[in-house]
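Undergrad: Handing you a structure now.
The values are calculated or read from the model by the stated rules, or taken from the named source; none is laboratory data. All values reported here derive from a predicted model rather than from experimental measurement. Cβ placement follows ideal geometry from the backbone for every residue including glycine, while neighbour counts extend to all protein chains displayed.
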Amino acid sequence: MAMSAPPEPSAPPVASEPQPLVSIVTPTYNEAENLPILIERLHAALGVLPHEIIIADDNSPDGTWQVGETLATQDPTLRVMRRFHDPGLSASVLDGLSTARGEVLVVIDADLQHDTGVLPEMLSHVLSKRVDVCVGSRSTAGGGYGDWSLSRRFVSWVATMIAKLLLRVSVSDPMSGYFVVSREAYEQTAPSINPRGFKILLEFIGRNHQLRVDEVGYEFSNRIHGETKLNRSVIRSYLLGVAELRVGRQINPTFLLYAMVGLVGLAVNSVLFTLAEAVGFPEITTGLNAAIDPVATSFLFSVQVTILLLFAMNNEFTFWEQRYRGWALIPAFALYEVMSLVGFCVHVAVFTSLQNIGFLLNLLGTSASRVVQNLIGASIALILNWFLNTTYLWRRKQR
């Protein structure tokens, strides 16, 4: 009778990786020097609490992702995401959060300006189920902005006031990039979050007003390594994010910025025209011996300066990603000038036509009807200029 072969020994069971209670996501870009220090501080703050650290790096030129991968070979709690698509702070955070396994999620910057010493207190607020979100705040009791300049404090204050007034958020520091959120709150809110938003905290509390929010104060530290990311692009992204949160995605937030710039131009035009009339421009004689009176001269001067200002503001602010540089500014401005004059002619034509037919004259009277007629002409010109600028100038460069 043939004997059966003895069974092969089974492979030893693989030890399963412990489920982390806390997941920490830090978005990085050129933070190679700061990353090892941050990880050490996070481990010290969390101690034996089961946790994981997720580095969401936007393919940093300084090799931040390489530093993270090297550290991960000796640190099983560390994971690195090297991102090649959709760069940006909020998109990086959302990618990191989407892979997090913890019951409580932490977002912290890698620039060492957030105090990890208050993290246990922030976690306790969420772990106790008392709140859904706990914000590390520079503006509440125990918090501070460190050695920030007056100009940077003013920018932060204005941004905070905008968030409080337009989005009705109650936290003292809605601009904070340091917060803890429960998994339940994250999963409830994440599907509606715009990955292009500037401050991910603002996306959470601005879209879900049902979240219970608390704050813990901390002192903002000065950056030791690397460079600050605060620039015109950051400010623009913030305003775009607030606009999108307030009016929804049905209205193009960039168009709202374009309209805001237009309002600034209108105010500047009015001031320049008033000053030019006060100074008194001389009468200009053309080559055909036709004279342009001082009032018309003041008007033309204010219009031309306003066109130059609007081009600069739209190029550097509204259409930041498609902005022109160097010698390319000259033909770009020439095209903008032509399109602006087209819009101006349409404005005047609409206003004159409405005046000729007496639009709303019987209902509102002479003065009020002129104001409405002028607003209609200005609105049509604004929409026309938006179409021309985004079709033939800045969007053409993007293509």
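Undergrad: Can you find a residue that is surrounded by fewer than 10 Cβ atoms within 10 Å (Cβ to Cβ) and modelled with pLDDT of 90 or more anywhere in the range 49-68?
TA: Yes, because at least one residue in the range 49-68 is surrounded by fewer than 10 Cβ atoms within 10 Å (Cβ to Cβ) and modelled with pLDDT of 90 or more.
Undergrad: Return the pairs, sorted by first residue and then second, in which the second residue is part of a loop (DSSP other than H, G, I, E, B), the first residue lies in the range 131-156 and is without any contact (Cβ under 8 Å) to a residue 24 or more places away in the chain, the beta carbons are less than 8 Å apart, and the residues are 6+ apart or on different chains.
TA: Listed pairs, sorted by first residue: 153/145; 156/145; 156/148; 156/175.
Undergrad: Just one of (1) over 24 Å from the mean Cα position of the chain (by Cα); (2) within 24 Å of residue 199 (Cα to Cα) trips up residue 49, so point out which.
TA: Against the list (1) over 24 Å from the mean Cα position of the chain (by Cα); (2) within 24 Å of residue 199 (Cα to Cα), residue 49 comes up short only on (2).
Undergrad: Hand me the list of strands (runs of 3 or more DSSP E) wholly inside the range 78-169 holding 2 or more residues that are among the charged types (D, E, K, R) and farther than 20 Å from residue 202 by Cα.
TA: Answer list for the range 78-169: 78-82.
Undergrad: Condition first: in a loop (DSSP other than H, G, I, E, B) and buried (at least 20 other Cβ atoms within 10 Å of the Cβ). Now tell me which residues in the range 170-192 satisfy that.
TA: Within the range 170-192, 171, 173, 174, 175, 176, 177, 178 meet the criteria.
Undergrad: Among the residues of the range 137-149, is there at least one that is surrounded by 23 or more Cβ atoms within 10 Å (Cβ to Cβ), out of contact with any Leu (no Cβ under 7 Å at 6 or more places or on another chain) and of a type in the set (Ser, Thr, Tyr)?
TA: Looking for residues that are surrounded by 23 or more Cβ atoms within 10 Å (Cβ to Cβ), out of contact with any Leu (no Cβ under 7 Å at 6 or more places or on another chain) and of a type in the set (Ser, Thr, Tyr), one finds at least one in the range 137-149, hence yes.
Undergrad: When the range 69-90 is examined, which residues are found to be among the small types (Gly, Ala, Ser) and free of Cβ contacts under 8 Å to residues at least 24 places away in the same chain?
TA: Passing the criteria: only 72.
Undergrad: Another question about this same structure. What residue, of 358, 343, is more than 36 Å from the chain's Cα centre (by Cα) and either part of a helix (DSSP H, G or I) or over 17 Å from residue 263 (Cβ atoms) (or both)?
TA: 358
Undergrad: Here's a follow-up. State all residues of the range 75-119 that are on the phi > 0 side of the Ramachandran plot and either outside the structural domain of residue 190 (by TED's automatic domain parsing) or crowded, with 17+ Cβ neighbours inside 10 Å (or both); if no residue qualifies, say none.
TA: 88, 112
Undergrad: Let me ask another. For the range 284-337, enumerate the residues that are modelled with pLDDT under 85 and among the small types (Gly, Ala, Ser).
TA: Of everything in the range 284-337, those that are modelled with pLDDT under 85 and among the small types (Gly, Ala, Ser) turn out to be 287, 290, 291, 296, 298, 302.
Undergrad: Determine, yes or no, whether residue 281 is outside the structural domain of residue 168 (by TED's automatic domain parsing), surrounded by 18 or more Cβ atoms within 10 Å (Cβ to Cβ), at pLDDT below 80 and not basic (Lys, Arg).
TA: Judged against the criteria, residue 281 is not a match.
Undergrad: Counting only residues that are assigned to a loop (DSSP other than H, G, I, E, B) and surrounded by 22 or more Cβ atoms within 10 Å (Cβ to Cβ), which one in the range 195-219 is modelled with the highest pLDDT?
TA: Of everything passing the filter in the range 195-219, 218 is modelled with the highest pLDDT.
Undergrad: Find all pairs meeting these conditions: Cβ atoms under 6 angstrom apart; at least six residues apart or on different chains; first residue within the range 91-116 and modelled with pLDDT of 90 or more; second residue aromatic (Phe, Trp, Tyr).
TA: Taking only residues 6 or more apart or on different chains, the pairs are 105/186; 107/179; 108/178; 114/178; 115/218.
Undergrad: Six or more apart or on different chains, Cβ under 9 Å: which pairs go from a residue in the range 200-217 that's under 16 Å from residue 118 (Cβ atoms) to one that's of a type in the set (Lys, Arg) and part of a loop (DSSP other than H, G, I, E, B)? Could you list them?
TA: Close Cβ pairs satisfying both conditions: 214/130; 217/138.
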